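What follows is one structure encoded as structure tokens, with my remarks underneath.
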Amino acid sequence: MEKFKNWLLPEDDGREAELTAGLFGELGMLLSFVGVGIYNIVKGKDNQPLLIVILGFLAGKGIGRFLDTHDKKYLLSGILNLISGALYTASYVLENRENKGEG
């Protein structure tokens with residue numbers, strides 16, 4: 001843990017600390033998603049809702065980074081993840097609507 005203290009400079013205004021905390025938070029969340037995804041695969045459950053949440057997170061992150069840096073690659077990433085998430089959501093809703101009608 002000592003090496004992480006070197007990331008923060010004495011003249012740091014808190015931005016570096018926020019970035020470090022965000023990095024560890026994202027890593028923890030993504031590891032949780034991997035764990036739930038593996039559990040779902042083992043139990044034979046659907047992973048589509050989990051994928052929708054991940055795509056939503058990545059869309060928000062990309063758009064947020066664009067607003068901070070004005071780098072268009074982050075905007076493109078955010079938009080593509082947003083579209084993918086919307087398509088997966090529509091697919092999931094339609095699939096479950098059809099399955100309910102049959103059952």
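The values are calculated or read from the model by the stated rules, or taken from the named source; none is laboratory data. Computed from a predicted model, the values in this text were never measured in an experiment. When we count neighbours, we look across all protein chains shown, and the Cβ atoms used for this are built from the backbone with ideal geometry, even at glycine. The accessibility values were calculated without ligands, DNA or RNA, using every heavy atom of the protein model including side chains. Shrake-Rupley method; radii C 1.70, N 1.55, O 1.52, S 1.80 Å.
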- Sort out which residues of region 1-18 are loosely packed, with under 11 Cβ neighbours inside 10 Å and modelled with pLDDT of 60 or more, and write them in order of number. ASP13, GLY14, ARG15
- Residue set GLY35, GLY60, GLY25; condition modelled with pLDDT of 90 or more and farther than 23 Å from VAL93 by Cα; output residue GLY35
- When region 46-57 is examined, which residues are found to be open to solvent by 70 Å² or more (accessible area, probe 1.4 Å) and modelled with pLDDT under 90? ASP46
- Message: Restricting to region 59-82, name every residue that is more than 13 Å from the chain's Cα centre (by Cα), open to solvent by less than 60 Å² (accessible area, probe 1.4 Å) and closer than 18 Å to GLU26 by Cα.
- Response: PHE66
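Kindly check whether there is at least one residue in region 24-45 that is in contact with a Ser or Thr (Cβ under 6 Å, 6 or more places away or on another chain) and either open to solvent by less than 50 Å² (accessible area, probe 1.4 Å) or without any contact (Cβ under 8 Å) to a residue 12 or more places away in the chain (or both). Write out each step before concluding.
Taking region 24-45 and keeping what is in contact with a Ser or Thr (Cβ under 6 Å, 6 or more places away or on another chain), we get none.
Looking through region 24-45, none of the residues is in contact with a Ser or Thr (Cβ under 6 Å, 6 or more places away or on another chain) and either open to solvent by less than 50 Å² (accessible area, probe 1.4 Å) or without any contact (Cβ under 8 Å) to a residue 12 or more places away in the chain (or both).
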- Scanning region 83-94 for residues that are in contact with a helix residue (DSSP H, G or I) (Cβ under 8 Å, 6 or more places away or on another chain) and either open to solvent by 80 Å² or more (accessible area, probe 1.4 Å) or among the β-branched types (Val, Ile, Thr) (or both) gives TYR88, THR89
